[in-house]
1. Among the residues in region 225-234, are any open to solvent by 30 Å² or more (accessible area, probe 1.4 Å), part of a loop (DSSP other than H, G, I, E, B), under 20 Å from SER172 (Cα atoms) and at pLDDT below 95?
2. Restricted to region 205-221, and to residues that are open to solvent by 30 Å² or more (accessible area, probe 1.4 Å) and of a type in the set (D, E, K, R), which residue is farthest from THR73 (Cα to Cα)?
3. When only residues in region 181-199 that are over 16 Å from ILE38 (Cα atoms) and assigned to a strand (DSSP E or B) count, which is least open to solvent (accessible area, probe 1.4 Å)?
4. Is it the case that ALA98 is under 17 Å from VAL131 (Cβ atoms) and of a type in the set (Gly, Ala, Ser)?
5. Test each condition in (1) modelled with pLDDT of 95 or more; (2) within 29 Å of THR15 (Cα to Cα); (3) open to solvent by 20 Å² or more (accessible area, probe 1.4 Å) for HIS143 and report the one that comes out false.
6. Please enumerate the residues belonging to region 25-61 that are open to solvent by 10 Å² or more (accessible area, probe 1.4 Å) and polar (S, T, N, Q).
7. Would a scan of region 205-227 turn up a residue that is touching a Leu at 6+ places or on another chain (Cβ under 7 Å) and within 17 Å of ALA147 (Cβ to Cβ)?
8. Can you confirm whether region 110-121 contains a residue that is in contact with a strand residue (DSSP E or B) (Cβ under 8 Å, 6 or more places away or on another chain), more than 14 Å from VAL29 (Cα to Cα) and outside any helix (DSSP H, G or I)?
Amino acid sequence: MTTDPAAAGERVLRTLAARQPLDLAVAVVTAHPDDETIGLGGVMAHLRDLTLLQISDGAPLDPAFAAQAGFPTRQAYAAARRGELVDALAVLVEGRLARQVFYEIPDGRLADHLATVIERLAEDLICVDAVLTHPYEGGHFDHDAAAFAVQQACARLARQGSHAPARLEFTSYHRVNGALRTGRFLDDPGCPEVVVPLTPEAARRKEAAFACHRSQTGNLALFGFGPERFRAAPVYDFSRPPPGGEIMYGMEVWQGLSRAFAAAAGG
């Protein structure tokens, strides 16, 4: 295990940019099943020591969401989404997944379980060199809560004198000037990114993994198979709105999320 997080982060980004195999231990923390496919489906095959930490089960508590997706119960919807993820990972990592952990938080309720998630992440991240997760951009409240939880878990490990991995980010989605933007980060001159064009084989693999997420066909149509982008994660101030200022889920929801962040940070 690399002891210098900055060096580990730089090595991960450099190796991904070169589209070469990476033997460092890397964790991917995602809010929902399919976020891994969207954010880094084209490069996951290069990660030789990969742990996937899946926070939510992809099924909201309101049974209307399950019914809309064609499932009789929330539990059936969650089981289907797990199965879709397993199928997608078989395409993306070709059997090289070192570890997979399901936290099984209901979709949309991550903010209600932040203290537990942070504690579990601290345990799961202590043994990896780097962690890749969502940026804090106001696109989805679960994405933003995942970014917070990872930052807090890594900070906790550092305070304890334990090994803390490098924090890195993959792209999700956000709104700029009222328009949805996918596959890009909000502009931040202080956080240079690496851009990884997908080879034809990587694009084919990612497209096949998209097809595995059968219940999410409508949502995934918003994303393409262009270059993937990664960067070192900044230290976010979660007491303030995301840097872009355009919160897709609304300021009232963000205010509740901010109170949850403050409570979890105080704990």
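The values are calculated or read from the model by the stated rules, or taken from the named source; none is laboratory data. Here the structure is a predicted model, which is why all the values come from computation and not from measurement. With ideal geometry, Cβ positions are generated from the backbone for all residues, glycine too; neighbour counts draw on all protein chains shown. Side chains are part of the model used for accessible areas, which takes the heavy atoms of the whole protein and leaves out ligands, DNA and RNA. Shrake-Rupley method; radii C 1.70, N 1.55, O 1.52, S 1.80 Å.
1. Checking region 225-234: at least one residue is open to solvent by 30 Å² or more (accessible area, probe 1.4 Å), part of a loop (DSSP other than H, G, I, E, B), under 20 Å from SER172 (Cα atoms) and at pLDDT below 95.
2. Of everything passing the filter in region 205-221, GLU207 is farthest from THR73 (Cα to Cα).
3. Checking each candidate, the answer is VAL194.
4. yes
5. Only one criterion is unmet by HIS143, namely (3).
6. The answer is THR51, and nothing else.
7. no
8. No, region 110-121 has no match at all.
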